[in-house]
Each structure stands twice: as C-alpha cells, then as structure tokens.
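Taking it in order: structure first as structure tokens, then the write-up.
The values are calculated or read from the model by the stated rules, or taken from the named source; none is laboratory data. Note that the structure is predicted; figures quoted are calculated from it, not measured. For neighbour counting, all protein chains shown are included, and Cβ atoms are generated from backbone atoms with ideal geometry for every residue, glycine included.
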Amino acid sequence: MKVCHFIASRGLGRGEFYIDLANALSGKCDVALMIPKGSRYLSRISDEIEVCEYERKNSRKNPLLLWELRKKFIAMNPDIVHSHFGKATEIFCLLNKWLNFPQVATKHNPRKGKIFDRMDHVIAVSEQVRKTINNRSVHVIHNAITPVTIESRKKRPKRFTIVAVGRLDPIKGFDLLLKDLASLDNDFLLKIIGSGEQAPHLQELIVTLGLTGRVELLGYREDIPQQLREADLVVVSSKSEGGPVIALEALFYGNMLISTPVGIVPEILPPDFIIEPGGFAKKVTEVIQCYECYADRFKKLQLKRQSDFLLDTIADKHIKLYREIGINAGRQFQ
C-alpha cells in the first residue's frame, strides 16, 4: 500500500504532527510526501519516505499548480492520498476530478473548512474538531507522540515554576495569561518557550504589568520535554487548538497541567483542570496551595491515558482506516 500525504503548508514550527505520522507510517507501508518547495520541516522527514516537492504558487485554483501536481501524482501513482488542512484538501479535490485516487482528509483544528463537509472520508484530531464538520463520515484519530528519554527531576525549584509553550501568536493567548497572572501574590516564575511575531509585544507587556523577573521569554528550545519535567506546572492558554501538542507532551513529561478547553483537552483532563480565560490566577493559587494533591491526581491520569496517545498506536489506526477506504473503493491494499 502506497500512501501519499499531501501538504500545502511549509510549516509554522514544531507542531506539524503530519510529519511525525508519516515517519511512523513509513515502517508499516510505503509512504510519500507531496509538499511545497522550501518546507521548513524537511530535516524531520525520514529517509525512508519518498519526498516530492512542487514549485508553483500555492493557490487553490492556480492552473499551473494543478498541471504540475497532476503530472507528479500520476508519476507517483499512490493507492491513497491523505490531505492535511483545508487548502491541500481543496486543491486535491479539484485535481482528483481527473485523477480519481481514493482520498482521506484530516482537519487539524476547529476553524474554517467547509470542504470537509463534502469529503467521503474525514479524520478529525479531536471530538471538538469533529463537531465542526457537517459530515457523517468522520473518524476521530488523535495526534500522538513518541516519548523520548529524559532525566528525572532531582528536586523542585525554589520558586513555583510554570511553563507555557507555543509560537508567539495571539491565538496562543499568552497576552491574556500574563494579564491574569499579574494579579498573583505568590512568588512564581513563568517561562514561555517559543518564537514568533508577538515577542516584542509580550516583552513590553511583561514590563508594563510589573512582571520583570517573574516571566522569561526563552525563545525556541530543543529541550522542551526536560523543561516540562523540571517545571511544577504546565499551562496551555490557547484560544483555539486542534491538538495541542504541548498538552500531549505534558501528559508524558509534565508534573501537572491546566489548560483552556481547546482541542483534545476536554477528552483527557478532569473539569477542575480546565480553565476558562481569566481564571488562571485563581487556579494557579489553588494548585500552589494543594500542590501534592494535584500532582498526585495528574500522575494517576498519566498512567491511565499515556498509552492512548502513543504514535505507533495512532499510526495503526490510520492503517486500518486506509484499508477500509481501499475496500470501499474496490481496491485491496497489502
């Protein structure tokens, strides 16, 4: 079985789960990637994967792009095409009028994407995303990770340490988090890991709110799992998410997690670990006062749920779906 993952994005950062999925699938079937030239995630792609880059302007109805992709897909001849996000899905749906390859599309976030309502086969990365798709043929298959080995935390830091991770973009809600935590009386250190255009604004906000010395912008880091392990608390403040990846990483490496009700969070966290925007100061105070109790509850949750979000398990669910799609299309995949 040869599966081609079609991606119309060059990537934003480290959250491209579709690359991790393709890598995991490459040990189970023949995998190819159709991606824009100059994609930022090239170095993360396994050597076992056939990579085909296209050059034309990435517009949904660019005839030159469609002609280029048509020739490349015909030469590749995949058994199934797996498109990710709305743009790639729209482009391939238009192109597939002439190609007629079986297709499945993944919706990675709860934002716009009417094209998924018209698809024969759709994957949603969470129940929250599924609810945004007006289509009976939706399969919920979560994002996942392959855990890495990190060092154990030798002792708790002297100051209560909070970590938040993500690109510095308004949708991540870091500005609202800062405004909320500015009212805390407790001594704490908030580390925000990530890079992005909002960095100057956040730095200015830190000064304006009197948070200098209590908040650090660490920029891009490679050691995120270890950073989560060393912190007392991981916070997700996003306004909208499909995943988020950091919630899964906290499930494997963190000591405690609270989050806004985005993506898979309502599926894995109990209600009192889920915080609406504006409620972080109160909840962080509660966690600090009853830390051992909260940390113990989170540890039990980790032991119960980690196996559900292993990348190898999620890859097997995709293989099963690919085979079902093949049978519906009158094809038998090996």
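The figures follow:
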quantity	calculated
Qualifying residue in the range 39-46 (condition: outside any helix (DSSP H, G or I), under 24 Å from the mean Cα position of the chain (by Cα), closer than 11 Å to I7 by Cα and among the aliphatic types (A, V, I, L, M))	no
L190 being crowded, with 23+ Cβ neighbours inside 10 Å and of a type outside the set (G, A, S)	yes
Residue that is surrounded by the fewest Cβ atoms within 10 Å (Cβ to Cβ) [pool: residues in the range 151-187 that are assigned by TED's automatic domain parsing to the domain that holds I288 and of a type in the set (D, E)]	D185
Close pairs from the range 269-292: first modelled with pLDDT of 95 or more, partner surrounded by fewer than 18 Cβ atoms within 10 Å (Cβ to Cβ) and not polar (S, T, N, Q), Cβ under 7 Å, at least 6 apart	I274/P261; I274/P266
Residues (touching a Lys or Arg at 6+ places or on another chain (Cβ under 8 Å) and either at pLDDT below 95 or of a type in the set (S, T, Y) (or both)) located in the range 199-217	none
Residue within the range 211-219 that is assigned by TED's automatic domain parsing to the domain that holds A295, touching a residue at least 12 places away in the same chain (Cβ under 8 Å) and under 30 Å from K112 (Cα atoms) present	yes
L99, sole failed condition from (1) free of Cβ contacts under 8 Å to residues at least 24 places away in the same chain; (2) more than 16 Å from Y18 (Cβ to Cβ); (3) surrounded by 15 or more Cβ atoms within 10 Å (Cβ to Cβ)	(1)
Candidate set from the range 128-145 (those that are assigned to a helix (DSSP H, G or I) and touching a strand residue (DSSP E or B) at 6+ places or on another chain (Cβ under 6 Å)); member that is surrounded by the most Cβ atoms within 10 Å (Cβ to Cβ)	V129
Close pairs (7 angstrom Cβ cut-off, 6 or more residues apart or separate chains): at negative phi in the range 308-319, among the acidic types (D, E) anywhere	L311/D20
Tally, over the range 202-229, of residues that are hydrophobic (A, V, I, L, M, F, W, C) and part of a helix (DSSP H, G or I)	6
Enumeration of residues in the range 219-248 that are in contact with a strand residue (DSSP E or B) (Cβ under 8 Å, 6 or more places away or on another chain), of a type outside the set (S, T, Y) and over 18 Å from N109 (Cβ atoms)	G219, R221, I224, Q227, L228, E230, A231, D232, L233, V234, V235
Unique match (being in the same structural domain as I19 (by TED's automatic domain parsing) and out of contact with any strand residue (DSSP E or B) (no Cβ under 8 Å at 6 or more places or on another chain)) among D316, D296	D316
Yes/no for L211 being crowded, with 17+ Cβ neighbours inside 10 Å, more than 30 Å from I123 (Cβ to Cβ) and within 21 Å of the chain's Cα centre (by Cα)	no
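The rows are residues; the columns are (1) touching a strand residue (DSSP E or B) at 6+ places or on another chain (Cβ under 6 Å); (2) part of a helix (DSSP H, G or I).
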| site | (1), (2) |
| --- | --- |
| I35 | yes, no |
| K57 | no, no |
| R60 | no, no |
| E68 | yes, yes |
| I74 | no, yes |
| L95 | no, yes |
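For (1) assigned to a loop (DSSP other than H, G, I, E, B); (2) among the charged types (D, E, K, R), each residue gets a yes or a no:
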site: K71; (1), (2): no, yes
site: P78; (1), (2): yes, no
site: G86; (1), (2): no, no
site: P110; (1), (2): yes, no
site: K154; (1), (2): yes, yes
